[in-house]
Amino acid sequence: MTTKLLEFLVPEAIILGLNASNSEEVIRAVGEKLYNAGYVHDTFIENALEREKNIPTGLPLSGEFNAAIPHTEIAHVVKSGVGLATLVKPVVFRNMVNPEENVNVQLVFVLALDQPKSQIEMLQEVAGVLQNPELVKNLVQAENLKVLLDALKSV
């Protein structure tokens, strides 16, 4: 199920145990990693932040942890990749379905995709991961990259 996600995950853009005080810090931290790894243009972060203001990506999940999937238009992407952050403590993202509502998030997938079709496919992949509360918990609590990747492979 998560084959495509594993293919696109950028190890240099995975931050485990990020101590952030808000959603902007999370998007900036992962966005910088994606930029330094050559996956996105220097316009990516600002555009992802702007998009998040207008079209929020916080997702309340059925388990004990919630997630967000910030991304932006393909024009800001050099090549497709996915960054990820797990957070020490939850930060607030606005709810994707009900923007008036806040969601306390501890797992963030930052999508940098260069094809409209791949954006839809990757959102479906990530949604599949997020529908598994046990997997989400294992990702949030992963102590290192190997544990995180093994959790994704085990599905």
What is the Cα centroid distance between the stretch 15-49 and the stretch 79-133, reported in whole angstrom? 13 Å
Packing-based order for 143-150, 128-135, using average beta carbon neighbours within 10 Å, highest first: 128-135, 143-150
Applied in sequence order to the stretch 77-90, the curve 6.51 cos²θ - 1.76 cosθ + 1.60 (Karplus, θ = phi - 60°) yields integer Hz couplings, x standing for Gly and Pro, of 10, 7, 8, 5, x, 10, x, 8, 9, 10, 10, 4, 9, x
First compute the accessible area of the chain with a 1.4 Å probe, then give the percent of it belonging to carbon and sulfur atoms. 50 percent
What residues qualify as long-range amide H neighbours of T72, i.e. H under 5 Å apart, gap of 5 or more or another chain, H built at 1.01 Å from N? L113
Total charge dipole magnitude, the stretch 1-140, about the Cα centre, Cβ charges on Lys, Arg, Asp, Glu only, Debye to nearest 20: 160 debye
Residues of type lysines that K153 reaches as a straight line, Cα spacing below 19 Å, ignoring anything fewer than 8 places off in the same chain: K4, K137
quick note, the stretch 12-153, DSSP beta bridge pairs, % antiparallel (nearest 5) is 65 percent
Lys and Arg at +1, Asp and Glu at -1: neighbours of L49 with Cβ under 14 Å from its Cβ sum to -4
Among (i) 40, 33, 27; (ii) 50, 28, 27; (iii) 35, 34, 28, the value of Cα extents along the principal axes in Å computed for this structure carries the label (iii)
With x for Gly and Pro, the residue-by-residue ³J(HN,Hα) of the stretch 55-66, computed from phi through the Karplus equation 6.51 cos²θ - 1.76 cosθ + 1.60 at θ = phi - 60° and given in whole Hz, is 10, x, 10, x, 10, x, 10, 7, x, 7, 10, 10
Using a 1.4 angstrom probe, figure out how much accessible area the stretch 51-101 has per residue, in square angstrom, rounded to the nearest whole. 46 Å²
Counting helices only, and only those DSSP H runs with n ≥ 4, report the 222 nm mean residue ellipticity of the chain as the sum of -39,500 (n - 2.57) divided by its residues, in deg cm²/dmol to the nearest 500. -12500 deg cm²/dmol
The size of the Cβ-based charge dipole (Lys, Arg +1; Asp, Glu -1) of the stretch 68-155 about the Cα centre, to the nearest 20 debye, is 180 debye
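The values are calculated or read from the model by the stated rules, or taken from the named source; none is laboratory data. Every value quoted in this text rests on a predicted model; they were computed, and no experiment measured them. So basically every Cβ, Gly included, is an ideal-geometry build from the backbone, and we count neighbours across all protein chains shown. Remember, those area values only see protein heavy atoms, side chains included, never the ligands or the DNA or RNA. Shrake-Rupley method; radii C 1.70, N 1.55, O 1.52, S 1.80 Å.
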